[in-house]
Number of protein chains: 4
Amino acid sequence: MVQAAYALIVEKGFEGLRTREVAERVGMNSATLHYYFPTKEALIQGVVHHLMQELKTSRTTVDESAGALERLRAEFADIRVRLKEAPDQLVVLTELAVRAWRDPAIAGILSYLDQGWHNHLVSILRAGVVEKTFRSDLDLDATADSMMSQLRGIGYQSKLEHGKLETLIDQIGEQIERWVLAPAAGKSPRKRP
Amino acid sequence: MVQAAYALIVEKGFEGLRTREVAERVGMNSATLHYYFPTKEALIQGVVHHLMQELKTSRTTVDESAGALERLRAEFADIRVRLKEAPDQLVVLTELAVRAWRDPAIAGILSYLDQGWHNHLVSILRAGVVEKTFRSDLDLDATADSMMSQLRGIGYQSKLEHGKLETLIDQIGEQIERWVLAPAAGKSPRKRP
Amino acid sequence: MVQAAYALIVEKGFEGLRTREVAERVGMNSATLHYYFPTKEALIQGVVHHLMQELKTSRTTVDESAGALERLRAEFADIRVRLKEAPDQLVVLTELAVRAWRDPAIAGILSYLDQGWHNHLVSILRAGVVEKTFRSDLDLDATADSMMSQLRGIGYQSKLEHGKLETLIDQIGEQIERWVLAPAAGKSPRKRP
Amino acid sequence: MVQAAYALIVEKGFEGLRTREVAERVGMNSATLHYYFPTKEALIQGVVHHLMQELKTSRTTVDESAGALERLRAEFADIRVRLKEAPDQLVVLTELAVRAWRDPAIAGILSYLDQGWHNHLVSILRAGVVEKTFRSDLDLDATADSMMSQLRGIGYQSKLEHGKLETLIDQIGEQIERWVLAPAAGKSPRKRP
DNA sequence: GATGAATGAGCATTCATTCAT
DNA sequence: AATGAATGAATGCTCATTCAT
């Protein structure tokens, strides 16, 4: 039900979301749909919450004991996996982001999500600074924000052909690493094992 | 007329665009509007072309003789100026980008625009490499793409408060410069092997 | 159950009567309501019968041995009391009267009620004529009908402020008495003791 | 258009008024109806104003120079004529009166109408007192109100068979005259010349 | 060129009623 | 007896588009 709506949004966008069609896909009367979601808005909220759940469960697992760099790379890996296996998430998220411009309810939810992401990134960066893997003069908040913006930029293009996206992520990942890493003495830190 | 539609899209998004309201704002009958733009799609095309024109005329002027770095910085300056003086352009552009996912006509136009932008960036980067300001091993296409993605990521947030956006651009600008610049002789920490 | 419907009709009229809301107020499922009243019409019938019961039990008590004038005045007193203590009855009755125009079932019930009222009034009037308190040339049926019409007129305004209604009843009561009473020799018949 | 709605209300009451059906009767698309009356409420307002117009134009004409009694009788004659020739007016008016209980907009219009009627009656009564046709101790306001209530009571029964209504009006008319007229010296005031 | 009027196809939502449990 | 879930048939209203003038 929520998933039918979800799929429909992926296909036709919020603009093309029709309660009738959602009901039809689930194989129920449109009145029945309204029995569960009294209003279209409520249905959308359902979709939003569904998406939130999916976004919260990260796609990649890292040891808590892992180093900051590894955890940072995991972030990129996460996006990479999502882009490949569940690009729909990014699609809906983007539609949501645009809709949030005019819908305070969605804006609220999204900003809550962003806050969590921001904090998560900051904690990684801070850990990196502490363990001296990352530059000591790193502006944690600003760097987290710029990372988010860059990753978002990628997400916004989730309909691109996959190959191009891979290259994009790699390049931006490297760029960020180069930005973040402490200048190592003698050997290059940015080589991947 | 096109401008009224443009303004309406900024205010309410594509979803909230009504031919009647556009006509009303111009002070004409909605039938008259349909005389000029036989279909809503045509009107949107008009808006798209209008936007294209505005996007093409860059907001910052640089000497043709300027160095590559200067020209690169001008790109960022351009976004910064737009974000301040004409954020509407970015708003509509973003809406358009999302709509392009399902509308091949718009997708075509946008990809044409992107092509132009890509080529422009590549030419800057190539110049930088030639004049040895930029790294000689730079992947021109990939770097141009990543720049575009990053700048787009910023544009997508054009409704953010202006202060935060400034910081964002600065940070990303610096990041890209660090990525692109040739290692100065002797003490560059960001050296590639 | 019937009372919940009754109350709802008072609040929102027949137009605003929803089976779901009735069930809700009784604290039961709307399906259960339909178990007892298979149709909305049936529920309304229930309300009608409930109202009939309440209307039949007069609000004022008079000795059977009382004089015709006294019994006539009791009729007015009855309305006056109802208007004060149970205006809802008149409200529902009025709604019902209007509905009866198109609903023969209700029309039947109401006309039965009217018949009873008519006969009751006629019996009072006849008694008055017999005991010579009332004019001998009184047209019993016509007078009863006109009384009913006048009292109904009052009932139809049961949402008026109470003070005005009191005055109205008094005035009309006096008027009817003046009409009905036999011309007394020498003194004015319309003075109340 | 308004007339179709008017007719529909007469037939099925406000409860049975459907914009679609109104449009259908006029032979137009229901969207066209909404072009003229953007909302159902607006359509009803149209009906109300139409009715007001019809109610204002009295059905009987009396010389301005006529005596108070004659003018009073004209009032009754007016109702009698309406009841015969345009009972619909009374039907709709009654529906309106009931609806006014919950709809302030209609309540306002109706109370405005009542005010006019009240003033009109008072002016007749006052004239009668001045010319000494009517009792000098007449409470003008109260009498006007009671007359209105009584006439309304008749209107509320406008679906009755015509014969009964005639009798009703006559009886109540006589009653009111008896109430209002100054006691003539020597002969009964209720005899009609 | 311009417009008032008209319209078809839809849309979210409502509501009395039904049905399996 | 009771109920959660389901449903068909509306219902008021919207909107891009068309058409006669």
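A few remarks follow.
- All positions within the stretch A:33-85 that are within 16 Å of DNA strand F (Cβ to nearest atom) and either of a type outside the set (D, E, K, R) or within 18 Å of the chain's Cα centre (by Cα) (or both): A:LEU33, A:HIS34, A:TYR35, A:TYR36, A:PHE37, A:PRO38, A:THR39, A:ALA42, A:LEU43, A:GLY46
- Residue list for the stretch B:162-171, filter: in contact (Cβ under 8 Å) with a residue 24 or more places away in the chain and crowded, with 21+ Cβ neighbours inside 10 Å: B:LEU165
- Subset tally (residues that are touching a residue at least 12 places away in the same chain (Cβ under 8 Å) and either part of a loop (DSSP other than H, G, I, E, B) or over 18 Å from A:PHE76 (Cα atoms) (or both)) for the stretch A:103-128: 4
- When the stretch B:117-172 is filtered for residues that are aromatic (Phe, Trp, Tyr) and away from chain A (no Cβ under 12 Å), the ones remaining, listed by number, are B:TRP117, B:PHE134.
- Which listed residue is touching a residue at least 24 places away in the same chain (Cβ under 8 Å), of a type outside the set (Val, Ile, Thr), touching a Pro at 6+ places or on another chain (Cβ under 8 Å) and part of a loop (DSSP other than H, G, I, E, B), from C:LYS132, C:LYS159: C:LYS159
- Only one of A:VAL26, A:VAL62, A:VAL48 that is touching a helix residue (DSSP H, G or I) at 6+ places or on another chain (Cβ under 7 Å) and under 23 Å from B:ALA100 (Cα atoms): A:VAL48
- Residue count, the stretch A:24-35 (criterion: hydrophobic (A, V, I, L, M, F, W, C) and near DNA strand E (Cβ under 8 Å from one of its atoms)): 2
- Qualifying residue in the stretch C:99-108 (condition: closer than 28 Å to D:LEU8 by Cα, within 16 Å of DNA strand F (Cβ to nearest atom) and within 14 Å of chain D (Cβ to nearest Cβ)): yes
- The single condition among (1) within 30 Å of D:LEU138 (Cα to Cα); (2) within 12 Å of DNA strand E (Cβ to nearest atom) that D:PRO38 does not meet is (1).
- Any chance C:GLU11 is closer than 21 Å to C:ALA107 by Cα, more than 10 Å from DNA strand F (Cβ to nearest atom) and among the acidic types (Asp, Glu): no
- Filter pass, B:GLU75 being surrounded by fewer than 16 Cβ atoms within 10 Å (Cβ to Cβ), charged (D, E, K, R) and in a helix (DSSP H, G or I): no
- Consider the stretch A:57-80 and keep the residues that are without any contact (Cβ under 8 Å) to a residue 24 or more places away in the chain and among the hydrophobic types (A, V, I, L, M, F, W, C). The one that is farthest from A:VAL47 (Cα to Cα) is A:ALA66.
- Taken over the stretch C:18-46, the criterion of being closer than 12 Å to C:TYR6 by Cα and not in a helix (DSSP H, G or I) is satisfied by C:ARG18 alone.
- Condition met for B:ASP141 (over 16 Å from the mean Cα position of the chain (by Cα), in a helix (DSSP H, G or I) and at pLDDT below 95): yes
- Which listed residue is in contact with a helix residue (DSSP H, G or I) (Cβ under 9 Å, 6 or more places away or on another chain), within 17 Å of B:TRP101 (Cβ to Cβ), without any contact (Cβ under 8 Å) to a residue 40 or more places away in the chain and part of a helix (DSSP H, G or I), from A:LEU90, A:LEU8, A:LEU83: A:LEU8
- Residue within the stretch B:53-71 that is basic (Lys, Arg), surrounded by 16 or more Cβ atoms within 10 Å (Cβ to Cβ) and farther than 21 Å from B:LEU110 by Cα present: yes
- Contacts under 7 angstrom Cβ, first residue in the stretch C:28-40 being closer than 17 Å to C:PHE14 by Cα, partner within 11 Å of DNA strand F (Cβ to nearest atom), 6 or more apart: C:LYS40/C:THR19
The values are calculated or read from the model by the stated rules, or taken from the named source; none is laboratory data. This one's a predicted model, so the numbers in the text were calculated from it and none came from an experiment. All Cβ positions, glycine included, derive from the backbone under ideal geometry; neighbour counts span all protein chains shown.
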